[in-house]
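Everything below concerns the one structure shown next.
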Amino acid sequence: MTTSPALELVSVTAGYGDNPIVRDFSARLAPGSITTLIGGNGAGKSTLLRAIYGTNRMFSGQIVFKGETIERLPPWERLKRGIGFVPQGRCNFPALSVTETLKMGCYTLPAAKHAVAIERVMTSFPMLRAKAKIDAGNLSGGEQQILEMAMVLLVEPNLLLLDEPSLGLSPKMQGDVFATVQRIAALGVTVLIVEQNVRGALLISDRALAMEQGRLFM
């Protein structure tokens with residue numbers, strides 16, 4: 001029996017303003033898999049992630065998630081349907097504690113579910129519990145990246161989009177981040193990752209998609 005893809009991209013052309021960056025891109029992601037997007041600077045990798053999440057312009061094509069075409073939906077509706085996005089660069093609340101930052105990540109959940117969601121991610125990532133009272137901005141770069149992934153996981157996404165999660169980290173912290181990505185996929189979450197550490201990402205990936213000048217190259 002053939003398993004339906006977690007995500008299907010059909011001839012996606014997307015970009016900014018009147019400038020398409022990604023052109024006629026098609027791919028399928030298997031449920032619970034880790035897929036790495038590789039390619040040179042300007043190949044369109046980050047643009048493709050943003051197109052899937054709905055934060056740039058879609059010129060043509062289809063994005064099918066869990067059997068539903070979503071390319072016309074705004075980002076918050078895609079989040080509700082189970083797509084989480086951790087963009088490149090720090091995206092936490094540096095002056096808030098780890099616990100307070102996680103509470104901010106619960107903003108789309110009913111208030112009655114906040115404590116349960118926070119307990120769940122702290123159980124999955126013991127480092128967060130150990131540093132619950134420390135300001136997010138005082139964590140190491142790798143710890144901040146794990147916190148940011150945990151913020152997205154609070155809403156239990158089916159698909160997680162990660163843009164350069166190991167950027168600027170030490171080799172040890174890069175290893176910690178990649179191990180975290182593997183743990184997330186083991187929970188049944190499908191992961192699509194853009195990563196400058198190609199070797200490290202490929203070691204944990206089920207599949208790679210190579211982009212060149214906005215197109216699927218290999």
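Among the residues of region 189-198, write down those that are open to solvent by 50 Å² or more (accessible area, probe 1.4 Å) and at pLDDT 90 or above.
Hit for region 189-198 is Val198, nothing else.
Can you pull out the residues in region 80-110 that are of a type in the set (Lys, Arg) and either out of contact with any His (no Cβ under 8 Å at 6 or more places or on another chain) or within 18 Å of Thr55 (Cβ to Cβ) (or both)?
Listed by number, the residues that qualify are Lys80, Arg81, Arg90.
Filter region 134-158 down to residues that are charged (D, E, K, R) and in contact (Cβ under 8 Å) with a residue 40 or more places away in the chain and give me whichever is nearest to Asn92 (Cα to Cα).
Glu148
Quick one: in region 73-109, of everything that is charged (D, E, K, R) and in contact with a strand residue (DSSP E or B) (Cβ under 8 Å, 6 or more places away or on another chain), which residue is nearest to Gly188 (Cα to Cα)?
Ranking the qualifying residues of region 73-109, first place goes to Arg81.
Consider region 173-217. How many of its residues are more than 17 Å from Met149 (Cβ to Cβ), in a helix (DSSP H, G or I) and not aliphatic (A, V, I, L, M)?
Adding up the residues that qualify gives 1.
Please go through region 43-56 and give me each residue that is free of Cβ contacts under 8 Å to residues at least 60 places away in the same chain and in contact with a strand residue (DSSP E or B) (Cβ under 6 Å, 6 or more places away or on another chain), ordered by number.
Of everything in region 43-56, those that are free of Cβ contacts under 8 Å to residues at least 60 places away in the same chain and in contact with a strand residue (DSSP E or B) (Cβ under 6 Å, 6 or more places away or on another chain) turn out to be Ala51, Asn56.
Of everything in region 159-184 that's open to solvent by less than 10 Å² (accessible area, probe 1.4 Å) and in contact (Cβ under 8 Å) with a residue 40 or more places away in the chain, which residue is nearest to Met122 (Cα to Cα)?
Among them, the one singled out is Thr180.
How about region 136-158: which of its residues are within 22 Å of Lys172 (Cα to Cα) and either open to solvent by 40 Å² or more (accessible area, probe 1.4 Å) or of a type in the set (Lys, Arg) (or both)?
Asn138, Ser140
Only one residue in Val86, Val121 is at pLDDT below 95, open to solvent by less than 30 Å² (accessible area, probe 1.4 Å) and touching a Pro at 6+ places or on another chain (Cβ under 8 Å). Which one?
Val86
For residues that are under 19 Å from the mean Cα position of the chain (by Cα) and either on the phi > 0 side of the Ramachandran plot or not hydroxyl-bearing (Ser, Thr, Tyr) (or both), scanning just region 89-102, find the one that is most open to solvent (accessible area, probe 1.4 Å).
The residue in question is Arg90.
Would you check if there is a residue in region 108-117 being within 30 Å of Gly17 (Cα to Cα) and open to solvent by 20 Å² or more (accessible area, probe 1.4 Å)?
Scanning region 108-117, I find at least one residue that is within 30 Å of Gly17 (Cα to Cα) and open to solvent by 20 Å² or more (accessible area, probe 1.4 Å), so the answer is yes.
Which one of these does Leu48 not meet: (1) farther than 24 Å from Leu109 by Cα; (2) open to solvent by 30 Å² or more (accessible area, probe 1.4 Å)?
For Leu48, the exception is condition (2).
Under the condition of being open to solvent by 40 Å² or more (accessible area, probe 1.4 Å) and touching a helix residue (DSSP H, G or I) at 6+ places or on another chain (Cβ under 9 Å), which residue from region 51-70 is modelled with the lowest pLDDT?
Lys66
The values are calculated or read from the model by the stated rules, or taken from the named source; none is laboratory data. What you see is a predicted model; the values in this text were computed from it and never measured. Cβ: placed from backbone, ideal geometry, glycine included. Neighbour counts: every protein chain shown. Accessible surface areas use protein heavy atoms only, side chains included; no ligands, DNA or RNA. Shrake-Rupley method; radii C 1.70, N 1.55, O 1.52, S 1.80 Å.
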